[in-house]
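Working notes for the structure below.
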């Protein structure tokens, strides 16, 4: 049964029709006029009802540092029956792009922009951006229109559960960016007092209040899941948006007793199985409330695996490099969407898309006509619904902090000369390994034939190199002119 944004007030209709009967009794001659107005009023109500019925509940489940090869249907590294079920009942994208790190990906998801456009090119924590240690304590600018704010305008109930990582001061938290409620960690789970002396106690926040310090992380997946299913039940009679951002499998890894050792493949696999269980619980809650046919569920990740942690990191599925790089292993992530009756079951899309495309997709889905600021993403609704195979966005740009490092158009990907992080000695059991900086020159790869980016073909396709180089230079210049600022502490 489809939900409506609001249910009609039956008291209003009773008063309206009683008044109509009274007017007709006193002045019969006005009957035709009133009947005409009533007919027009009925058409308006019907149109409003149809439009409201087309707006689904929306759930976005966001993993942290999950590799392209970590789940069934992509790399099949670990058993994930619920994520497989989600794929079998919906669509998977095989070229879906995040950003290289946590905060930039969340900025891209929430705003529909490359994070460089909205002043979020780096990871932020309790002491500001990680690369600059800027004491201004950056947060997402309130002038940016988020997915949650778009849906609030459509009368959705909205909840953010899990990792936010777009500013931790009260004025930067989800409750100031369109979410009715928030429960989770304001930044990464490794930003602990034991990790670095500059970090304070890790807060677990409810709305804008710290309710615990340094919470038991083995219970995070379970607590987030309980909050999520409760939110679904509480809002079953209206449209809702649930953004559920897990802290895992970002290091340090933690898993509940129920899943500890269950996989027989180590704690990383245990964590993946618990996340899969959580997805299943959310699916069950939707089903049990009779909301399956009116709920769009999306599952994806913020970046590729953090390979320097060795056996506590995931798999890129054969793609090159991992987190913190613009290679495919760093930014190509699993993407699954399910909406029974609307998305064709067991379907696959090979067109490329990314986190920046989700806001405009949701805007189109909810008939949002305009946004206050320019965005970079394009709606992929026709791709998600299986109605088109045409590329929604012609070009994708790969950034690392503020450096444009690569450009993709169609099957071609051009790397500009840049240095990148390469793991020389993987860590083990939660201990970080060693990395070095390598350099790549101007290089062209055919991602259809060579998704692992092993063979540079720039010398045999100079015209493609020139075209992509020109696109990159033009976009970077436009982006520099159109950059907007993040918020700072106290603003």
Whether segment 233-304 is rounded, prolate or oblate, judged on the alpha carbon gyration tensor where a/c under 1.5 counts as rounded: prolate
Quick check: from the Cα gyration tensor, does segment 80-229 come out rounded (a/c under 1.5), prolate or oblate? rounded
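Kirkwood hydrodynamic radius of the chain from all distinct Cα pairs, in Å? The partial results should precede the final answer.
On the way: mean 1/r = 0.0422 Å⁻¹.
It is 23.7 Å.
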Any chance you could check the Cα centroid distance between segment 215-239 and segment 147-183 for me, in angstrom? 15 Å
Most exposed first, judged by fewest Cβ atoms within 10 angstrom, 192, 414 run 192, 414
Quarter of the Cα convex hull surface for segment 175-315, i.e. its orientation-mean projected area (nm²): 9.8 nm²
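If the viscosity is 0.692 mPa s and the temperature 37 °C, what translational diffusion coefficient in µm²/s does Stokes-Einstein give for segment 368-431 when Rh comes from Kirkwood over Cα pairs? Walk me through the intermediate numbers first.
On the way: Rh = 15.7 Å.
In µm²/s, the coefficient is 210.
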Report D for segment 260-337 in µm² per second (integer): Stokes-Einstein, Kirkwood Rh on Cα pairs, 25 °C, 0.890 mPa s. 171 µm²/s
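Evaluate the Kirkwood expression for the hydrodynamic radius of segment 321-395, namely the inverse of the mean inverse distance over all pairs of different C-alpha atoms, and round to one decimal in Å.
On the way: mean 1/r = 0.0725 Å⁻¹.
With all distinct Cα pairs of segment 321-395 included, I get 13.8 Å.
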Arrange 201, 270 by Cβ neighbour counts within 10 Å, fewest through most, would you? 201, 270
Taking 0.36 nm per residue of separation between residue 475 and residue 79 and subtracting their Cα-Cα distance, the length gained on full extension comes to 138.4 nm
Quick check: convex hull of the Cα atoms in segment 262-409, volume per residue, rounded to a whole Å³? 151 Å³
Taking the mean number of other Cβ atoms within 10 Å as a proxy for protection, how do you rank 363-374, 144-155 from highest to lowest? 144-155, 363-374
Semi-axes (Å, rounded, descending) of the ellipsoid equivalent to segment 202-265 per its C-alpha gyration tensor are 25, 17, 10
Taking a virtual spin label 7 Å from the Cα of residue 348 along the C-beta vector, which residues in segment 408-428 bring their backbone nitrogen under 18 Å of it? 411
Against the rule of thumb 2.2 N^0.38 Å, how large the Cα Rg of segment 405-459 comes out: 1.40
Part-to-part distance (alpha-carbon centres) for segment 49-123 and segment 243-316, which is given in Å: 13 Å
Using 0.36 nm times the number of residues separating residue 230 and residue 432, minus their current alpha carbon distance, what extension gain do you get? 69.0 nm
Equivalent ellipsoid semi-axes, segment 367-491, via Cα gyration tensor eigenvalues times 5, rooted, Å: 28, 24, 18
Length gain on complete extension for the stretch residue 483 to residue 439, per 0.36 nm per residue less the alpha carbon to alpha carbon distance? 13.1 nm
Ranked highest first by the average count of other Cβ atoms within 10 Å around their residues, in what order do 109-122, 425-438, 78-91 fall? 109-122, 78-91, 425-438
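Take 272, 71, 60 and order them by how many other Cβ atoms sit within 10 Å, fewest up front.
On the way: 272 28, 71 32, 60 21.
Starting with the residue having the fewest Cβ neighbours, the order is 60, 272, 71.
Every read-out reported here was derived from the displayed coordinates using simple, explicitly stated rules and does not represent laboratory data. As the structure is a prediction and not an experimental result, all values here were calculated from the model. Every residue, glycine as well, gets a Cβ built from its backbone with ideal geometry; the counts of neighbours run over all protein chains shown.
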